[in-house]
Amino acid sequence: MAAGSPEKNGDATDKSHLPIPAFDPPEKPKRNKYALACSFLASMTSILLGYDIGVMSGAIIYIRRDIHMTDVQKEVIMGILNVYSLLGSAAAGRTSDWIGRRYTIVLAGAIFFIGALLMGFATSYSFLMVGRFVAGIGVGYALMIAPVYTAELAPASSRGFLSSFPEVFINFGILLGYVSNYAFSKIPQHLGWRFMLGIGAIPSVFIAIAVLAMPESPRWLIMQGRLGDAKRVLDKTSDSLEESKLRLADIKEAAGIPEHCNDDIVSVPKRHHGEGVWRELLLHPTPTVRHILICAVGIHFFQQASGIDSVVLYSPEIFERAGIKKDTDKLLATMGVGFTKTIFILVATFLLDKIGRRPLLLSSVAGMILSLVGLGVGLTIIENSDHKLIWAIALCISTVLSYVAFFSIGMGPITWVYSSEIFPLRLRAQGCSIGVAMNRVTSGVISMTFISLYKAISIGGAFFLYGGIAVVAWMFFYTLYPETQGKTLEEMDTLFGTFFRWRSTARAIEEKKNESNGQVQMGNTTTNQS
């Protein structure tokens, strides 16, 4: 009896402590298939931007011949969609808080559908610009809402994997645009480019239908007081019921709902429609919010300032400068860019939650720097040579491919993952919209000045300049960006706010966690022995 008593006590004690490991992400968590499917569907909106970027790079060859335009007009028509998308991304934060994340995705698809049809039926430069304006609004909505929805739905253990989906679909859309260029390049010129642009309306229809199968974001549901609906979504999208309860408690606290309120419908404290949020973000930010905002805006700026849209939008022109003259050869080489981007973004999705954000980001930018320098060297040699240099052409093609590969494996997806996961709930929608606004402004400036830039400082000089910007980006990321892998969305306050001293803060957090784990283990041992 006496010998059996401790065993029974030990068993009871072990059972009472079974839920404890659930408070930390499992070592190898099983993918939540429901969260995976929802993130997949939401991220399909990013195809819209990718397709437009990809298709315009080839379509402009034929548009320029059919609707005569100057170099400046060409630059503007290529990059203006990014500026127009600012209006969509600025409105998306307010809209998504008003009608919900899910229906904001539907709205994005509907707007882009109209824009794609207008571009396809354009008869003049002005008409084409109207189509670009409408499509740009839809792209702005899509860019902002997909990462926010995914970050709010995904469990912490696979948030990086799922939050990288928007970038995956941007790349897939770019590839579809390149394929469309090549496929329709064989039909009459005045019809080919119209099919290239107009067929972009088709993905938006599928997106609107797919949204019917998606749940609303649990965080938005709680902000509306719909605890019962939010709990059901969290139970389906969490790795365990214990994690679901923790996520529910964290979001309730952030939304100002008392812990004891567990009714299906509860009243939520009155909120001003964004005025307090903008004040907290821009006018009177705390050190934590200021650090988060600098990181979010900075990563979006450097993603575009390092020249990715110049390479993707102007690939045919770059290959022409490198010595490839035939239209079909240029489009085939450009398709190679699309395939490379798509393959490496798929690789990145599986590395984000295994390697972490920082190592991938820093190694990605380092590879981009080397590729940009190599491309600049190759183009400069070709430009100053009076005969064809096969090795230099091969260097240019290989460095373009390596540049987009390095971009896609880190800088591309991590920008959206990082910026969507670091903002606290009350600031997330508006904070992400600021990041997207910076992304689109920078992209617009880069894409609308590329031809003027390379005519002023040479095409090789343009890529040396982008390489210099990438060097600054690497130093910026190295000094200011803490690792966020495996952290819950409501834990970010502990990582941000000390700026350049974030490493000591991270060490202190880790030591405190180890001490807590040690105390728990000692408590378990003592209980078992008793």
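The values are calculated or read from the model by the stated rules, or taken from the named source; none is laboratory data. As the structure is a prediction and not an experimental result, all values here were calculated from the model. Methodologically, a virtual Cβ is constructed for each residue, glycine included, from the backbone with ideal geometry; neighbour enumeration extends over all protein chains shown. Ligands, DNA and RNA are stripped out before the accessible areas are found, and what is left, the full protein with its side chains, is counted by its heavy atoms. Shrake-Rupley method; radii C 1.70, N 1.55, O 1.52, S 1.80 Å.
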*Looking at (1) open to solvent by 10 Å² or more (accessible area, probe 1.4 Å); (2) in a helix (DSSP H, G or I), which is the one condition that is false for Asp386?*
(2)
_I need a count of the residues in segment 124-151 that are free of Cβ contacts under 8 Å to residues at least 40 places away in the same chain and out of contact with any helix residue (DSSP H, G or I) (no Cβ under 8 Å at 6 or more places or on another chain)._
1
_Matching option when the condition is at negative phi and modelled with pLDDT under 90, among Tyr478, Tyr454, Tyr466, Tyr418_ = Tyr418
*With the condition kept exactly as written, say whether any residue in segment 305-320 is open to solvent by less than 10 Å² (accessible area, probe 1.4 Å) and under 30 Å from Ala230 (Cα atoms).*
no
*Sort out which residues of segment 348-376 are more than 15 Å from the chain's Cα centre (by Cα) and among the β-branched types (Val, Ile, Thr), and write them in order of number.*
Ile355, Val365, Ile369, Val373
*Evaluate the following for Val205: is it within 14 Å of the chain's Cα centre (by Cα) and either more than 20 Å from Met119 (Cα to Cα) or in contact (Cβ under 8 Å) with a residue 24 or more places away in the chain (or both)?*
no
*Residue identified as assigned by the TED database to the domain that holds Pro215 and over 18 Å from Gly444 (Cβ atoms) among Leu81, Leu118, Leu86*: Leu118
*Out of segment 443-465, which residues are open to solvent by 10 Å² or more (accessible area, probe 1.4 Å) and either over 25 Å from Ile77 (Cβ atoms) or within 17 Å of the chain's Cα centre (by Cα) (or both)?*
Phe464
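Each row is one residue, and each column tells you yes or no for (1) out of contact with any Leu (no Cβ under 9 Å at 6 or more places or on another chain); (2) not polar (S, T, N, Q).
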{"residue": "Val233", "(1), (2)": "no, yes"}
{"residue": "Leu246", "(1), (2)": "yes, yes"}
{"residue": "Ser267", "(1), (2)": "yes, no"}
{"residue": "Arg279", "(1), (2)": "yes, yes"}
{"residue": "Leu282", "(1), (2)": "no, yes"}
*Answer yes or no: is there a residue in segment 200-213 that is among the small types (Gly, Ala, Ser), more than 23 Å from Ser163 (Cβ to Cβ) and touching a helix residue (DSSP H, G or I) at 6+ places or on another chain (Cβ under 7 Å).*
yes
*When segment 454-464 is examined, which residues are found to be touching a residue at least 60 places away in the same chain (Cβ under 8 Å) and aliphatic (A, V, I, L, M)?*
Ile459, Ala462
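Take the conditions β-branched (Val, Ile, Thr), farther than 20 Å from Thr45 by Cα, in the same structural domain as Gly120 (by the TED database) and open to solvent by 10 Å² or more (accessible area, probe 1.4 Å) and apply them to Val233. Does it pass? Walk me through it before giving the result.
Numbers: β-branched (Val, Ile, Thr): yes; farther than 20 Å from Thr45 by Cα: yes; in the same structural domain as Gly120 (by the TED database): yes; open to solvent by 10 Å² or more (accessible area, probe 1.4 Å): yes.
Judged against the criteria, Val233 is a match.
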*Examine segment 46-56 for a residue that is outside the structural domain of Tyr314 (by the TED database), in contact with a His (Cβ under 8 Å, 6 or more places away or on another chain), modelled with pLDDT of 85 or more and open to solvent by 10 Å² or more (accessible area, probe 1.4 Å), and state whether such a residue exists.*
no
*Taking segment 428-440, which residues are at pLDDT 85 or above and surrounded by fewer than 24 Cβ atoms within 10 Å (Cβ to Cβ)?*
Ile434, Met438
*Can you spot a residue in segment 271-280 that is under 12 Å from Leu427 (Cα atoms), open to solvent by less than 60 Å² (accessible area, probe 1.4 Å), modelled with pLDDT of 80 or more and among the acidic types (Asp, Glu)?*
yes
*Considering only segment 243-263, state which residues are within 17 Å of Arg159 (Cα to Cα) and not charged (D, E, K, R).*
Ser244, Leu246, Leu248, Ile251
